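Remarks on the structure that follows.
The values are calculated or read from the model by the stated rules, or taken from the named source; none is laboratory data. Source: prediction; values computed, not measured. Cβ: placed from backbone, ideal geometry, glycine included. Neighbour counts: every protein chain shown.
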Amino acid sequence: MNAATRREQILQLLSQSSGPLSATAIASRFSVSRQIIVGDIALLRAAGADITATPRGYLLERPEAQNHLEINIVCEHADDRLAEELYTVVDLGGALIDVTVEHSIYGQICAPLHIYSRFDADAFLSKLERENARPLCNLTGGIHLHRLRCPNAEVQARVLQALKDKGFLLER
């Protein structure tokens with residue numbers, strides 16, 4: 001199979017996937033190295049494919065996501081409340097698309113999350129623990145931004161109110 005055909009099939013695979021696909025899993029399917037897939041993904045992005053890298057693999061942004069509402073919020077919490085923050089959003093029907101912190105040296109640092117469910121939240125939390133990693137908000141004393149996606153205004157209002165009630169929203 002030539003590279004162009006492989007890239008077409010990678011796009012098809014991502015479009016049919018119900019969740020993220022790792023470069024390793026894609027590489028295995030096409031009997032090539034992970035590095036080849038990383039290069040293919042870069043070329044697909046350069047050609048305009050809306051592919052996002054998440055901690056669990058690659059996602060192709062679907063058109064239905066464009067019908068959702070997105071909002072940026074500022075949050076603050078300690079490490080021991082991270083799970084509660086994530087669960088609050090997903091349990092009420094929202095999704096955490098990314099997290100951004102303002103670093104004094106590097107400026108904005110943004111990382112994709114793509115957390116749509118408790119399963120995704122648990123996978124993220126497990127990876128933090130397994131890798132002995134710290135959340136990005138540790139760089140800024142717990143202050144961070146999230147881009148949230150909600151299917152409608154009612155869900156968005158419920159998520160924002162719950163985050164406010166639990167003291168996560170920073171409103172100074």
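Filter the range 141-154 for residues that are surrounded by fewer than 16 Cβ atoms within 10 Å (Cβ to Cβ) and either under 16 Å from Gly57 (Cβ atoms) or not small (Gly, Ala, Ser) (or both) and give the result. First the steps, then the outcome.
Our first condition is that a residue be surrounded by fewer than 16 Cβ atoms within 10 Å (Cβ to Cβ); within the range 141-154, this holds for 141, 143, 151-154.
Result: Ile143, Pro151, Asn152, Glu154.
Just checking, how many residues over the range 98-126 are farther than 22 Å from Ile71 by Cα, of a type in the set (Gly, Ala, Ser) and modelled with pLDDT of 90 or more? Working first, answer last.
Going residue by residue through the range 98-126, those that are farther than 22 Å from Ile71 by Cα are 104-106, 119, 122-123, 125-126.
Those left that are additionally of a type in the set (Gly, Ala, Ser): 104, 123, 126.
Those still in the list that are modelled with pLDDT of 90 or more too: 123, 126.
Adding up the residues that qualify gives 2.
Residues in the range 14-29 that are more than 16 Å from His114 (Cβ to Cβ) and surrounded by 17 or more Cβ atoms within 10 Å (Cβ to Cβ): Ile26, Ala27.
Among the candidates Val32, Val89, single out the residue that is under 24 Å from Leu139 (Cα atoms) and surrounded by 13 or more Cβ atoms within 10 Å (Cβ to Cβ).
Values: Val32 fails: under 24 Å from Leu139 (Cα atoms).
Of the residues listed, the single one that is under 24 Å from Leu139 (Cα atoms) and surrounded by 13 or more Cβ atoms within 10 Å (Cβ to Cβ) is Val89.
Cβ-Cβ contacts under 9 Å between residues 6 or more apart (or on different chains), taken from a first residue in the range 70-84 that is within 12 Å of Leu160 (Cβ to Cβ) to a second residue that is among the small types (Gly, Ala, Ser) and surrounded by 13 or more Cβ atoms within 10 Å (Cβ to Cβ), are listed as Cys75/Gly142. Candidates are the residues of the range 59-79 that are at pLDDT 85 or above and acidic (Asp, Glu); the one that is surrounded by the most Cβ atoms within 10 Å (Cβ to Cβ) is Glu76.
So which residues in the range 94-122 are surrounded by fewer than 16 Cβ atoms within 10 Å (Cβ to Cβ) and farther than 22 Å from Ala162 by Cβ? Spell out the reasoning first.
Keep residues of the range 94-122 that are surrounded by fewer than 16 Cβ atoms within 10 Å (Cβ to Cβ), which gives 102-111, 117-119, 122.
The answer is Glu102, His103, Ser104, Ile105, Tyr106, Gly107, Gln108, Ile109, Cys110, Ala111.
Scanning the range 1-58 for residues that are in contact with a strand residue (DSSP E or B) (Cβ under 8 Å, 6 or more places away or on another chain), at pLDDT 90 or above and among the small types (Gly, Ala, Ser) yields Ser22, Ala23, Ala25. I'm trying to understand the selection: among the residues of the range 7-63, which are among the basic types (Lys, Arg) and either within 18 Å of the chain's Cα centre (by Cα) or in the same structural domain as Ala121 (by TED's automatic domain parsing) (or both)? Correct list: Arg45, Arg56, Arg62. Condition check for Leu43 on (1) aliphatic (A, V, I, L, M); (2) loosely packed, with under 15 Cβ neighbours inside 10 Å; (3) in contact (Cβ under 8 Å) with a residue 40 or more places away in the chain: one failure, at (3).
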